[in-house]
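Chemist: Quick one: structure below, then a few questions.
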Amino acid sequence: MKWIVLVGGIANFLLGLLILKKGAPIPLKKPFTIFAFLTSLWVFSNFIFLVSPSTFWFRTAYALGALIPSSALIWVLCFSTGKKPSLSLSYIGYGIGFLFFTLCYVNNIFIAGIIPQVSGFKENYGPFFPVYSIYMSGILLYLLYRIFLCSRKFTGIKREQAKYIFLGGATFAIISFVVSFLLPLFGYAKYGILDSPSSLFFVGFTVLAIIQYRLLDINVAITRGTIFAVVYALVLGIPIGVGYWGRTYLSGRIGVNWWLVPVGMALLLASLGPAIYGFIRRKTEAALFKERQRYQENLIALAKQMTLTKDLRSLLILIIRNVTKEIGISYARIYLLDNKANEYVREVHYGKERRRQFGDSLPNEAPLVQMLYRSRDIGPLLKEEVISHFQTREPEHLKEVEAQLRSMGAAVLLPAFIGEELIAFLVLGTKRSREIYTPDDLGMFKILAGQSALAIENALFYQELKESQSAMVQASKLSSIGELAAGFAHQIDNPLAVISAGCEL
């Protein structure tokens with residue numbers, strides 16, 4: 001199990017490097033990277049101690065561990081406030097960590113050393129080690145409490161991020177408690193080395209939450225993870241159980257080839273595993289998430305209904321009313337391309353009207369519109385994805401785009417294309433339930449946007465046809481009036497000609 005510790009240290013380091021290189025919200029980038037790197041150093045020191053036990057590496061492992069709570073506290077506060085840490089907070093946080101770091105090397109304060117024994121060694125702690133334990137566990141519990149409050153207070157994607165971070169932190173805390181305190185009570189102290197690599201759950205779930213905006217709903221993720229774990233525990237466990245407990249029986253019945261039975265069962269169950277998992281997952285989600293599946297089916301039905309609506313304004317109202325009703329959205333807008341003005345104009349909206357400083361029209365050259373053009377193959381865009389793009393690639397337009405998104409009340413942007421042309425885009429606000437837009441939602445929105453584009457194109461064509469027919473009718477009327485006027489003039493001219501001739505005589 002020593003190599004599990006090494007793998008955990010390498011993984012923590014790479015995840016910290018990923019945040020530093022790939023990009024994360026600016027306030028979080030440096031504090032979280034420091035936390036991830038310190039965590040990897042802590043895990044590495046535990047690995048070196050396991051390979052070559054000595055008092056120095058024993059103390060180093062605890063000393064580096066003392067830096068983790070303070071660094072974690074700083075990035076969690078950054079996450080909860082959305083701001084960079086103040087210098088005073090950084091000095092105090094890291095100062096406390098370095099104080100405990102230093103005291104770990106002072107004899108008989110926290111760590112006394114290790115005592116060699118025949119079967120290995122015995123860890124010897126100092127009289128003030130309970131203070132160290134209270135410091136470590138107290139800050140960890142406070143962090144979990146703080147993240148839990150964020151999961152209750154925030155809305156949308158940030159709320160779901162907080163849930164993922166809390167899940168990772170809680171998993172780390174539970175594993176640490178079980179392997180470090182609970183299992184040793186029953187004589188299984190050897191599993192204590194899994195304490196440090198279990199930090200990978202905390203770091204890994206946090207990285208997933210930070211860089212992956214299209215998160216699964218946490219309930220869906222837990223459901224799928226549980227089903228996967230149960231199914232594959234059976235897939236692996238049944239053959240192992242048959243081989244372990246049934247070896248004597250199989251040897252008596254088959255002989256030396258008894259192993260073919262568990263191996264054959266393993267191959268059969270491994271081939272059936274994905275199908276079993278998929279079947280159970282679909283049935284479970286159908287039972288647990290009926291409401292979500294219902295509105296997704298209704299929106300697909302809406303896509304078919306849109307093609308029957310010919311009037312453009314009626315079509316736009318139909319789209320926005322049904323989308324907001326089915327999903328439970330607080331606010332929505334539809335912007336339509338005006339070719340004459342070369343801009344996108346807000347045609348209809350739903351919900352409380354927002355400030356109009358930026359939101360009523362957008363020129364075709366606007367950075368936000370140009371990004372929507374580039375997203376043709378991606379589909380719907382989350383607000384966080386848009387902001388992240390401009391933070392990392394076009395920072396000169398960031399403030400302008402943030403102001404536009406804020407004015408629109410945008411949580412999701414749905415571009416609707418006909419060929420290469422962005423014919424319209426739909427702006428959706430947050431859900432009233434404060435839930436996130438899941439990947440399933442966004443996939444369904446992509447289909448809806450495509451159908452909306454076709455319906456809008458048909459309505460525009462029908463509108464142009466009506467206008468053309470109206471113009472033709474008007475021209476025909478004018479032509480008829482002209483002919484009638486000419487006829488009247490001719491009829492009037494004849495009597496006048498007779499009278500004129502009579503007068504001349």
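Chemist: Assuming residue 377 fulfils every condition listed in (1) under 18 Å from residue 452 (Cα atoms); (2) in contact with a strand residue (DSSP E or B) (Cβ under 9 Å, 6 or more places away or on another chain) apart from one, which condition is it?
Modeler: (2)
Chemist: Looking at region 420-452, which of the residues that are in contact with a Ser or Thr (Cβ under 9 Å, 6 or more places away or on another chain) and surrounded by fewer than 17 Cβ atoms within 10 Å (Cβ to Cβ) is modelled with the highest pLDDT?
Modeler: 432
Chemist: Does residue 35 satisfy the criteria of being touching a residue at least 12 places away in the same chain (Cβ under 8 Å), assigned to a helix (DSSP H, G or I), surrounded by fewer than 19 Cβ atoms within 10 Å (Cβ to Cβ) and more than 21 Å from the chain's Cα centre (by Cα)? It would help to see each step written out before you state the result.
Modeler: Details: touching a residue at least 12 places away in the same chain (Cβ under 8 Å): yes; assigned to a helix (DSSP H, G or I): yes; surrounded by fewer than 19 Cβ atoms within 10 Å (Cβ to Cβ): no; more than 21 Å from the chain's Cα centre (by Cα): yes.
Spelling it out, it is not the case that residue 35 is touching a residue at least 12 places away in the same chain (Cβ under 8 Å), assigned to a helix (DSSP H, G or I), surrounded by fewer than 19 Cβ atoms within 10 Å (Cβ to Cβ) and more than 21 Å from the chain's Cα centre (by Cα).
Chemist: Return the pairs, sorted by first residue and then second, in which the second residue is among the aromatic types (Phe, Trp, Tyr) and not in a helix (DSSP H, G or I), the first residue lies in region 130-153 and is surrounded by 12 or more Cβ atoms within 10 Å (Cβ to Cβ), the beta carbons are less than 9 Å apart, and the residues are 6+ apart or on different chains.
Modeler: Matching pairs, first to second residue: 131/110; 132/110; 132/125.
Chemist: A further question follows. Is region 91-112 home to any residue that is in a helix (DSSP H, G or I), within 32 Å of the chain's Cα centre (by Cα) and either farther than 26 Å from residue 51 by Cα or in contact (Cβ under 8 Å) with a residue 40 or more places away in the chain (or both)? Give the steps one after another, and end with the answer.
Modeler: Initial filter on region 91-112 (in a helix (DSSP H, G or I)): 91-103.
Adding the requirement that they be within 32 Å of the chain's Cα centre (by Cα) leaves 93-94.
Next, from what is left, pick out any that are either farther than 26 Å from residue 51 by Cα or in contact (Cβ under 8 Å) with a residue 40 or more places away in the chain (or both): 93-94.
So far as region 91-112 goes, yes, one or more of its residues are in a helix (DSSP H, G or I), within 32 Å of the chain's Cα centre (by Cα) and either farther than 26 Å from residue 51 by Cα or in contact (Cβ under 8 Å) with a residue 40 or more places away in the chain (or both).
Chemist: Check residue 340 against each of (1) in a loop (DSSP other than H, G, I, E, B); (2) in contact (Cβ under 8 Å) with a residue 60 or more places away in the chain and name the one condition it does not meet.
Modeler: Here residue 340 clears every test but (2).
Chemist: Between residues in region 387-402 that are free of Cβ contacts under 8 Å to residues at least 60 places away in the same chain and within 14 Å of residue 372 (Cα to Cα) and residues that are of a type in the set (D, E, K, R) and surrounded by 13 or more Cβ atoms within 10 Å (Cβ to Cβ), which pairs lie under 7 Å by C-beta distance while being six or more apart or on different chains?
Modeler: Once the first residue is free of Cβ contacts under 8 Å to residues at least 60 places away in the same chain and within 14 Å of residue 372 (Cα to Cα) and sits in region 387-402, its partners that are of a type in the set (D, E, K, R) and surrounded by 13 or more Cβ atoms within 10 Å (Cβ to Cβ) give 387/402.
Chemist: Follow-up question, since we're still on this one. In region 69-90, how many residues are part of a loop (DSSP other than H, G, I, E, B) and either on the phi > 0 side of the Ramachandran plot or in contact with a Leu (Cβ under 7 Å, 6 or more places away or on another chain) (or both)?
Modeler: Filtering region 69-90 down to residues part of a loop (DSSP other than H, G, I, E, B) leaves 82-86.
The next check asks that each one be either on the phi > 0 side of the Ramachandran plot or in contact with a Leu (Cβ under 7 Å, 6 or more places away or on another chain) (or both); those that pass are 82, 85.
Number satisfying all stated conditions: 2.
Chemist: Right, here's the next one. Say whether the condition of being over 28 Å from residue 146 (Cα atoms), surrounded by fewer than 17 Cβ atoms within 10 Å (Cβ to Cβ) and more than 31 Å from the chain's Cα centre (by Cα) is met by at least one residue in region 39-47.
Modeler: Within region 39-47, not a single residue is over 28 Å from residue 146 (Cα atoms), surrounded by fewer than 17 Cβ atoms within 10 Å (Cβ to Cβ) and more than 31 Å from the chain's Cα centre (by Cα).
Chemist: Which of (1) assigned to a helix (DSSP H, G or I); (2) modelled with pLDDT under 80 is the odd one out, the single condition residue 283 does not satisfy?
Modeler: Of (1) assigned to a helix (DSSP H, G or I); (2) modelled with pLDDT under 80, only one is false for residue 283: (2).
Chemist: Pairs only if they're at least six apart or on different chains, beta carbon under 9 angstrom, first in region 50-62 and over 20 Å from residue 136 (Cβ atoms), second basic (Lys, Arg) and modelled with pLDDT of 85 or more; list them, first residue then second.
Modeler: Note: no pairs meet the criteria.
Chemist: Does any residue of region 63-71 turn out to be more than 15 Å from residue 197 (Cβ to Cβ), surrounded by 21 or more Cβ atoms within 10 Å (Cβ to Cβ) and over 31 Å from the mean Cα position of the chain (by Cα)? Break it down into steps so the answer makes sense when it comes.
Modeler: Step one: filter region 63-71 for residues more than 15 Å from residue 197 (Cβ to Cβ), giving 63, 66-67, 69-71.
Adding the requirement that they be surrounded by 21 or more Cβ atoms within 10 Å (Cβ to Cβ) leaves 63, 66-67, 69-71.
With the extra rule that they be over 31 Å from the mean Cα position of the chain (by Cα), the set shrinks to 63, 66.
Among the residues of region 63-71, at least one is more than 15 Å from residue 197 (Cβ to Cβ), surrounded by 21 or more Cβ atoms within 10 Å (Cβ to Cβ) and over 31 Å from the mean Cα position of the chain (by Cα), which makes the answer yes.
Chemist: If you go through region 125-145 one residue at a time, do you hit one that is farther than 30 Å from residue 81 by Cα and part of a strand (DSSP E or B)?
Modeler: Yes, there is a match, as at least one residue in region 125-145 is farther than 30 Å from residue 81 by Cα and part of a strand (DSSP E or B).
Chemist: Answer yes if at least one residue in region 206-217 is more than 25 Å from the chain's Cα centre (by Cα) and either on the phi > 0 side of the Ramachandran plot or in the same structural domain as residue 16 (by TED's automatic domain parsing) (or both), and no otherwise.
Modeler: Going through region 206-217, the residues more than 25 Å from the chain's Cα centre (by Cα) turn out to be none.
No - not one qualifying residue is present in region 206-217.
Chemist: Is it the case, given these coordinates, that residue 266 is touching a helix residue (DSSP H, G or I) at 6+ places or on another chain (Cβ under 6 Å), at negative phi and surrounded by fewer than 18 Cβ atoms within 10 Å (Cβ to Cβ)?
Modeler: Values: touching a helix residue (DSSP H, G or I) at 6+ places or on another chain (Cβ under 6 Å): yes; at negative phi: yes; surrounded by fewer than 18 Cβ atoms within 10 Å (Cβ to Cβ): yes.
It is true that residue 266 is touching a helix residue (DSSP H, G or I) at 6+ places or on another chain (Cβ under 6 Å), at negative phi and surrounded by fewer than 18 Cβ atoms within 10 Å (Cβ to Cβ).
Chemist: Test each condition in (1) out of contact with any helix residue (DSSP H, G or I) (no Cβ under 6 Å at 6 or more places or on another chain); (2) at pLDDT 85 or above; (3) not hydrophobic (A, V, I, L, M, F, W, C) for residue 415 and report the one that comes out false.
Modeler: Tallying (1) out of contact with any helix residue (DSSP H, G or I) (no Cβ under 6 Å at 6 or more places or on another chain); (2) at pLDDT 85 or above; (3) not hydrophobic (A, V, I, L, M, F, W, C), residue 415 fails exactly one: (1).
Chemist: Can I ask one more? Right, residue 320: surrounded by fewer than 18 Cβ atoms within 10 Å (Cβ to Cβ) and either of a type outside the set (S, T, N, Q) or at pLDDT below 85 (or both) or not?
Modeler: Working: surrounded by fewer than 18 Cβ atoms within 10 Å (Cβ to Cβ): no; either of a type outside the set (S, T, N, Q) or at pLDDT below 85 (or both): yes.
Here the answer is no, as residue 320 does not meet what is asked.
The values are calculated or read from the model by the stated rules, or taken from the named source; none is laboratory data. What you see is a predicted model; the values in this text were computed from it and never measured. All Cβ positions, even for glycine, are placed from backbone atoms using ideal geometry, and neighbour counts span all protein chains on display.
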